[in-house]
Amino acid sequence: MPSHTAEDARLLEDRLGHHPWRRWGPYLADRAWGTVREDYSADGNAWNFLTHDMARSKAYRWGEDGIAGFCDRYQLLCFAMALWNGRDPILKERYFGLNPWEANHGEDVKEYYFHEDATPTHSYQKLLYKYPQAAFPYRWLLDENRRRNSHDPEFELLDTGIFDDDRYFDVEIEYAKASPEDVAMRVKVWNRGPVPAAVHVLPHLWFRNRWSWGKSPTPSPRISLESGAAIGFVADEADSEPLRNILFPYRLGKRYWYGPSGGRPLFTDNESNDERLYGVRNKSRYVKDAFHRHVIGGEACVNPDMVGTKACVHYESTVPPGDSVVFHFRLTDRAMADPLADVGGIVDKRKAEADEFYAAVRPPKASDDEAMVQRKAFAGLLWTKQSYLFDVAQWQDGDNPDAPPPPEHRTIRNQHWQHLNSMRILSMPDKWEYPWFAAWDQAFHAVPLAVIDPEFAKEQLWVLMFEQFQHPNGQIPAYEWEFSDLNPPVQAWAVWRVYNMDRIRSGTADREFLEKCFHKLLMNFAWWVNKVDPGGNNVFEGGFLGLDNVTVYDRSRPLPGGARLLQSDATGWMGMYCLNLMRIALELAIDNQAYLGLAVKFFEHFAYIGAALNRVDDDGVTLWNEDDGFYYDVLDLPGPGFEQFRVRSLVGLIPLFAVERLEEKWLDKFPLFRSNVEWVMANRKNLTDRCITTLDRHGETVRVLKAMTEAQMRRVLARVADAAEFHGPFGLRSLSKAHEEHPFRFDGATVGYEPAEAVTILKGGNSNWRGPVWFPAAFLMIESLRKLAKGFGQEYTFPAATHDGGETTFGEVAKSLADRMIGIFSLDSEGRRPVNGRRAKFDTDPHWKNHILFYEYFHGDTGAGLGASHQTGWTALVASLIDEWRR
């Protein structure tokens, strides 16, 4: 049942349209440079077209970035923090990191910041940034990481020794909404070092540049100085052009920003410094990097008339050791005589309401530490929302017909996606490393989001099926670097799961959401069948499917000589897709019997896929290896001959995800569906005998649908439960540990167990599926085990390993995986968190100990966090595990 906290009331008010509590939020990217959206090059090298060094001087076209940024939902007006320690060569306006050619394991942010807290309406947000007091080691980080190879660990900021003796600032940034249009801000800067230290705090307010991109500039908005006891800015966009690409008028009206007296207001324009970037004359006298040049270089480059499209206040403080300095700010829709008087009270009140909200969310059996982990996971998920602005047709054509992009720009990527036009708030995987949506990430994000904000979760699932995203041919866009690439088709699973989570929690079934998604999923399913089953034999060729380097070949690339790669995982995903759509169709048939025909169709299609997974054709080609008891990819060579890639990986486990059960009592209301099921089972035994097990449990008939025979299921599950193979100390390994001593070799390529960062580099090398634990795959395995337990019974046992003769149950393996994955982030018996790996300071220093990073994936043997350090997106599934396994 829903709770009745102040935050729940705000969620309801926003949903009903009474008060727009979500209008303002943390919707800025952590990185806009180096993205496809900003790339107008001839070679598609987005990282080099707009680099970190250029970012302070180049006005962005499609979105802004900043430290702990906050803006309106269409990102017209932006606020973020900037800092200077008196020693850095660069004003700290954005996080620093390395691109894939500078780092030895792919792109990587080289800063420490933590999403400490957040509520779904962003009524309260808190972020912690750790800023060194010495000059930031930009060059050292770049040179040392570039020097290292793929076998070496990454060289991190902590490794430089810059935090030794605690000579750094803890910068705590809090936002709290007094009302939907009134945002209070509190910034507290702690000196953790042993001596007094000077810090420069520069809160920035600016308009996103929407006026410079056409054949001729359009009127720009303006920020000007307002007199009063506090320093005040007035931001007014009334004279600028209204926002395009939306179906209704959108205006901010005047906004007022206030800060304490004692600082120096500075003004410039959010315009490119073309002279620095390209050696040509600037169009504007005052440009984007003016604050950097003025504060650090002492240049007279800010506007003395105190007006512009970008403004800040420069505060200087010396902070005693162990002490802090506090700044209060406010951004509101009305002029105020004493705007800062109650900022502290507003922040404290909203913080208390956040405590109340998460106390209601916390499952009863969670420890205090697990409850903290869960809350921080939710915070990371909420902080990584972004205003994702991208019109592909406009991007391909360029803005000025007199100066179009190079002709090659049109055909490098996404040329078939000119309909894609986003003005949406989207959940990002990681706003620095992945500040763009990915289809299967989005589906997994929705599951933990549904625990705290089901309406936003449903919106995130629907948006990629909306007309301005889904291709007319039915394909769902994969990710920004290539929308036409293939991510696993998990949208139907997520829609079905979120629908049921919402139904159980709210007591109301949102059939409209389910039905509109189902219609678009039908189009997507048809696209998948036509695209990746060219032979019509229900064995699928699905591209790389998000698993990057899991196999011998880069599966995004065509194979030479007319060979085909028949994929166990693609076939398993499609079996799962059929069952998801079957269940949705049956649910919709409760109100509309016309959906029964579709339920029958997907039942039959699943039976064909299940049979295909185990079929041996006339040439002996099969995905199943009877000797190994496992599914493999098959390289089908032109003419006679084929090669099984005998790599025990997620590729062979994914067929287990295709699981569902049909209980006789469920089918009483669907006699047409039941009669068709019985007909297929009676007349197509060659199909159904392999993938349907009929059980009599307590006098009731249960049919378990799975994409393999019961004997095959037991053999594959024995490897899942085996500590020497997939069942690692911190969850489901993505590759069997058996390949540590027995690597697979083919045609000069080797696949071996790599439990940490990628040693074998494919697709940029910034992720590794050859051993580490990945939350989405492990989460789906736990789901399948729970479904099998409901179908076969909790008492059903299968081998606990392939060799020792012990037995276990579905529930025992599922619980073990869930507990081990929760344990990655939880304090162990020695007071350490495995996620921290070799980062001892995180475990021993009281100012680091309880600040948690949610990484992209995790070391298969130690649980240490790897890859993107703020990918709370799908790693926030740990919050769902705590929610479901601690009740």
> Which residues, counting only those in the stretch 560-577, are open to solvent by 10 Å² or more (accessible area, probe 1.4 Å) and part of a helix (DSSP H, G or I)?
Replying inline: PRO560, GLY561, GLY562
> For the stretch 200-243, how many residues meet the condition of being touching a residue at least 24 places away in the same chain (Cβ under 8 Å), among the small types (Gly, Ala, Ser) and within 28 Å of LYS188 (Cβ to Cβ)?
Replying inline: 5
> Looking at the stretch 615-633, which of the residues that are over 13 Å from ARG648 (Cα atoms) and not charged (D, E, K, R) is farthest from the chain's Cα centre (by Cα)?
Replying inline: GLY620
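Which fully enclosed helices (runs of 4 or more DSSP H) of the stretch 403-465 have 2 or more residues being modelled with pLDDT under 95 and farther than 18 Å from LEU521 by Cβ? Write out each step before concluding.
On the way: elements: 409-412, 439-452, 454-463.
In the stretch 403-465, the matching helices (runs of 4 or more DSSP H) lie at 409-412.
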> Does the stretch 466-493 hold any residues that are of a type in the set (Phe, Trp, Tyr), in a loop (DSSP other than H, G, I, E, B) and open to solvent by 10 Å² or more (accessible area, probe 1.4 Å), and which are they?
Replying inline: PHE466, TRP481
>> Could you check the stretch 771-814 and list, in sequence order, the residues that are open to solvent by 10 Å² or more (accessible area, probe 1.4 Å) and hydroxyl-bearing (Ser, Thr, Tyr)?
In response: TYR796, THR797, THR802, THR808, THR809
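This table checks each residue for (1) farther than 19 Å from ARG210 by Cβ; (2) under 20 Å from the mean Cα position of the chain (by Cα).
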| site | (1), (2) |
| --- | --- |
| ASP8 | yes, no |
| HIS19 | yes, no |
| ALA32 | no, yes |
| GLY44 | yes, no |
| ALA68 | yes, yes |
| LEU77 | no, no |
| MET81 | yes, no |
| PRO89 | yes, no |
| PHE96 | yes, yes |
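So for the stretch 842-852 (the condition being open to solvent by 50 Å² or more (accessible area, probe 1.4 Å) and out of contact with any helix residue (DSSP H, G or I) (no Cβ under 9 Å at 6 or more places or on another chain)), does at least one residue qualify?
Within the stretch 842-852 (the criterion being open to solvent by 50 Å² or more (accessible area, probe 1.4 Å) and out of contact with any helix residue (DSSP H, G or I) (no Cβ under 9 Å at 6 or more places or on another chain)), the answer is yes, since at least one residue qualifies.
What number of residues in the stretch 287-308 are touching a His at 6+ places or on another chain (Cβ under 9 Å) and either without any contact (Cβ under 8 Å) to a residue 24 or more places away in the chain or outside any loop (DSSP other than H, G, I, E, B) (or both)? First the steps, then the outcome.
Initially, the stretch 287-308 is screened for residues touching a His at 6+ places or on another chain (Cβ under 9 Å), giving 291, 294-295, 300-302.
Those still in the list that are either without any contact (Cβ under 8 Å) to a residue 24 or more places away in the chain or outside any loop (DSSP other than H, G, I, E, B) (or both) too: 291, 294-295, 300.
So the count comes out to 4.
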>> If I filter the stretch 637-652 for residues that are in contact with an Asp or Glu (Cβ under 6 Å, 6 or more places away or on another chain) and under 20 Å from VAL490 (Cα atoms), do I get at least one hit?
In response: yes
>> Exactly one condition in (1) in contact with a Leu (Cβ under 6 Å, 6 or more places away or on another chain); (2) in a loop (DSSP other than H, G, I, E, B) is false for ALA311; which is it?
In response: (2)
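So in the stretch 821-841, with the set limited to residues that are out of contact with any helix residue (DSSP H, G or I) (no Cβ under 8 Å at 6 or more places or on another chain) and touching a residue at least 24 places away in the same chain (Cβ under 8 Å), which one is surrounded by the fewest Cβ atoms within 10 Å (Cβ to Cβ)?
That would be ARG838.
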> Among the listed residues LEU11, LEU76, which satisfies the condition of being touching a residue at least 40 places away in the same chain (Cβ under 8 Å), of a type in the set (A, V, I, L, M) and open to solvent by less than 10 Å² (accessible area, probe 1.4 Å)?
Replying inline: LEU76
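Which residues, taken from the stretch 667-699, are open to solvent by less than 60 Å² (accessible area, probe 1.4 Å) and among the polar types (S, T, N, Q)?
SER675, ASN676, THR688, THR693
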>> Just to be sure I understand the filter: pairs with C-beta atoms under 8 Å, separated by 6 or more residues or on different chains, first member in the stretch 418-433 and closer than 19 Å to PRO448 by Cβ, second member of a type in the set (Lys, Arg). Which pairs pass?
In response: ILE425/ARG22; ILE425/ARG73; ILE425/LYS385; LEU426/LYS385; SER427/LYS385; MET428/LYS385; LYS431/ARG31
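So which residues in the stretch 587-603 are out of contact with any strand residue (DSSP E or B) (no Cβ under 9 Å at 6 or more places or on another chain) and either of a type in the set (A, V, I, L, M, F, W, C) or on the phi > 0 side of the Ramachandran plot (or both), if there are any at all?
The first filter runs over the stretch 587-603 and keeps only residues out of contact with any strand residue (DSSP E or B) (no Cβ under 9 Å at 6 or more places or on another chain), leaving 587-602.
LEU588, ALA589, ILE590, ALA594, LEU596, LEU598, ALA599, VAL600, PHE602, listed by residue number.
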> Just wondering, is there one or more residues in the stretch 439-453 that are out of contact with any Ser or Thr (no Cβ under 6 Å at 6 or more places or on another chain), over 29 Å from ARG886 (Cβ atoms) and open to solvent by less than 10 Å² (accessible area, probe 1.4 Å)?
Replying inline: yes
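Within the stretch 14-46, can you find the residues that are of a type in the set (A, V, I, L, M, F, W, C), under 27 Å from ASP399 (Cβ atoms) and crowded, with 20+ Cβ neighbours inside 10 Å?
Answer for the stretch 14-46, where residues must be of a type in the set (A, V, I, L, M, F, W, C), under 27 Å from ASP399 (Cβ atoms) and crowded, with 20+ Cβ neighbours inside 10 Å: LEU28, ALA29, ALA32, TRP33, VAL36, ALA46.
The values are calculated or read from the model by the stated rules, or taken from the named source; none is laboratory data. All of these numbers come straight from a predicted model, not from anything done at the bench. Reconstructed Cβ throughout: ideal geometry from the backbone, glycine too, with neighbour counts over all protein chains shown. These accessible areas exclude ligands, DNA and RNA; they are computed on the full protein's heavy atoms, side chains included. Shrake-Rupley method; radii C 1.70, N 1.55, O 1.52, S 1.80 Å.
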